[in-house]
1. Considering only the range A:59-82, how many residues are away from chain B (no Cβ under 14 Å) and of a type outside the set (V, I, T)?
2. Do we have any residue at all in the range A:42-55 that's in contact with a Pro (Cβ under 8 Å, 6 or more places away or on another chain) and either more than 12 Å from chain B (Cβ to nearest Cβ) or within 28 Å of B:D48 (Cα to Cα) (or both)?
3. Take the residues in the range B:120-160 that are over 20 Å from B:I60 (Cα atoms) and among the small types (G, A, S); name whichever of them is surrounded by the most Cβ atoms within 10 Å (Cβ to Cβ).
4. Criterion first (in contact (Cβ under 8 Å) with a residue 40 or more places away in the chain, of a type in the set (S, T, N, Q) and under 14 Å from A:V99 (Cβ atoms)) does A:N209 satisfy it?
5. If you check every pair at least six apart or on different chains, which have Cβ atoms under 9 Å apart with a residue in the range A:41-67 that is of a type in the set (S, T, N, Q) first and a residue that is surrounded by fewer than 20 Cβ atoms within 10 Å (Cβ to Cβ) second?
6. Out of the range B:45-57, which residues are buried (at least 22 other Cβ atoms within 10 Å of the Cβ) and more than 7 Å from every other protein chain (Cβ to nearest Cβ)?
7. Could we say that B:H252 is assigned to a strand (DSSP E or B), buried (at least 20 other Cβ atoms within 10 Å of the Cβ), within 11 Å of another protein chain (Cβ to nearest Cβ) and in contact (Cβ under 8 Å) with a residue 12 or more places away in the chain here?
8. What number of residues in the range A:29-40 are closer than 30 Å to B:G46 by Cβ, within 11 Å of chain B (Cβ to nearest Cβ) and either among the aliphatic types (A, V, I, L, M) or touching a Gly at 6+ places or on another chain (Cβ under 9 Å) (or both)?
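The values are calculated or read from the model by the stated rules, or taken from the named source; none is laboratory data. A quick note: this is a predicted structure, and the numbers were derived from the prediction, not measured. In this analysis, Cβ positions are derived from the backbone assuming ideal geometry, glycine residues included, and neighbour counts consider all displayed protein chains.
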Amino acid sequence: MDLSLQIGSLRLKNPLIAASGCFGYGVEYADVVDLSALGAIVSKGLFLAAREGHPAPRIVETPSGMLNAIGLQGIGAQRFIDEKMPELRARGATVIVNVCGTTIDEYVEVSRMLADTEGVGAIELNISCPNIKEGGIQFGCSLNGTFDVVSAVRKVTAIPVIPKLTPNVTDVASFARAAEDAGADAVSLVNTFLAMVIDVETRKPKLSNGVGGLSGPAIRPIAVRMVHECRQMVKIPVIGMGGIADARDALEFMIAGANAVQVGTANFVDPFIWTKLLDGLCDYGRRHQVERLSDLVGTVNA
Amino acid sequence: MPIDVAARVIANRPLSSDYNVLALAAPDIAAIASPGQFVMLRPGTGRDPLLRRPFSIFEILRDADGAATGLSILSKRIGVSTSLLYDAREDQRIDCLGPLGRPFTIVEPPSQAWMIAGGVGLAPFATLAEALTAGGVKSTLFYGARRAEELFYLDFFRRLGVELVLTTEDGSLGERGRVIAPLDRRLADLPAAADVMLHACGPEGMLAAAARTAGKYGRPCEVSVERIMGCGLGGCYSCVVPMRGADGAVHHVRSCIAGPVLDADQISWE
């Protein structure tokens, strides 16, 4: 079965992508996973400068899910280029960088630096992190803001631009449309759902940040619905994510309309999940006589 | 490279109504583990609880020829996952990923090694004590708990020739109070020419006090920290500890890969 797909100028050998913030900078997993066997890896979010993020506790578990409020700790774009990209290139990884900003100028500058770096295949624009006040989400929660960030970055780079959308809006498909209108090559969704967990003994939130983003199997049906809505609204590829924990989950997203999928939380539980997912996709292809996995995209009989 | 095995439960021995020692058939992990390293366990099979939990490797289990047959963990029942581990049955399978993290520094004679354990913080010291004894290092265990019934494995350490300094909060065994008091006195009495390395594991307040006390006498101290951990491999950035870097600034350091054993004098204690 042909597993490959195209996102703008970027060819992925399969649709399995390690989600941003769930795979470090990729190099952390180089001894555990054959990075070149993944469709792509997405880096942790990168601003121009390094950031320390929030104090611990940064995660809390919930039924079939978890909240995180890391606060976009990161080493900044230049150190990523200097310290992480050489190993990622040597390992043959297909690299998508997750770009953050507090202003449009910062998105543009970080994108320009990374687009000029050998081995960077695409830019995922983080306009959806729920955990910091001053970056991203104000663009991702406004149709004009989404349009403006995407078109500004679009102008300075030839590599694919993939805005990552927040589910914390009433109509996510309209944001996919705004991104497409601004020249995005694809959209990825969903980022996490803004959520809260309280310790009833102390009456304090369990996260240092108070609130955090919910991920994991608990959110999957909502994410599938949102991917399906976006598929009907735009022609560009959709990268789906939200609680994928096995091959059937990945197939569900693809049938709903995702051209590729990202896996995050499940990688924490099982860092060896990637070969299991790939085997599961191939097994499905054999059982259903699928020649090209991309033929499944958006085939839900709704 | 860490190994993931669906480890069979060899035995599950309750030590009290809260504590248990769980023996797991994970010989490949046990064979390459160093004192202070940890494993990520997944006690359930479904998706609630979802994440694995980190546990210090307590004992390396060996057959008559000395070959590693598995490992055990010392667990205290606190939440959902530790309750599942407390109730685990023989022959049940538990996903076990490891060995992970930075181990303890093992000194050589004539340096001594002093271990400071509070409650379930005893966990990393059984393997460390074995390594110290094997290396001919004179060692002492300062071990504190709430009451006598919660001081475990004392004979294990005695058999290894480890000197025991015990404290209980209710005074039911050893000195009444916290473990830092005798530590402070012993450090005060130690000749300046004698080298000693401190290793501490336990509640955060005890670690901070151990670090402070070590600093007061200018002695090196390693602490094994416990943080809520998502992955154990450096992927999620959940388990950070504020540490002073070479640049003098405080940075959030991932305790799963930079630790769990960290140099106490670099941690920015609150």
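1. First, the residues of the range A:59-82 that are away from chain B (no Cβ under 14 Å): A:77-78, A:80-82.
From what's left, of a type outside the set (V, I, T): A:77-78, A:80, A:82.
The qualifying residues number 4.
2. First pass over the range A:42-55, keeping only residues in contact with a Pro (Cβ under 8 Å, 6 or more places away or on another chain): A:55.
Still in the list and also either more than 12 Å from chain B (Cβ to nearest Cβ) or within 28 Å of B:D48 (Cα to Cα) (or both): A:55.
Looking for residues that are in contact with a Pro (Cβ under 8 Å, 6 or more places away or on another chain) and either more than 12 Å from chain B (Cβ to nearest Cβ) or within 28 Å of B:D48 (Cα to Cα) (or both), one finds at least one in the range A:42-55, hence yes.
3. B:G144
4. Values: in contact (Cβ under 8 Å) with a residue 40 or more places away in the chain: yes; of a type in the set (S, T, N, Q): yes; under 14 Å from A:V99 (Cβ atoms): no.
Answer is no for this residue.
5. Short answer, once both residue conditions are applied: A:T62/A:V197; A:T62/B:D48; A:S64/B:G46; A:S64/B:R47; A:S64/B:D48.
6. Across the range B:45-57, the qualifying residues are B:R53, B:P54, B:F55, B:S56, B:I57.
7. On the way: assigned to a strand (DSSP E or B): yes; buried (at least 20 other Cβ atoms within 10 Å of the Cβ): yes; within 11 Å of another protein chain (Cβ to nearest Cβ): yes; in contact (Cβ under 8 Å) with a residue 12 or more places away in the chain: yes.
Yes: the conditions hold for B:H252.
8. First pass over the range A:29-40, keeping only residues closer than 30 Å to B:G46 by Cβ: A:29, A:31-35, A:37-40.
Next, only the ones that are within 11 Å of chain B (Cβ to nearest Cβ) stay: A:29, A:31-33.
From what's left, either among the aliphatic types (A, V, I, L, M) or touching a Gly at 6+ places or on another chain (Cβ under 9 Å) (or both): A:29, A:32-33.
Total satisfying the criteria: 3.
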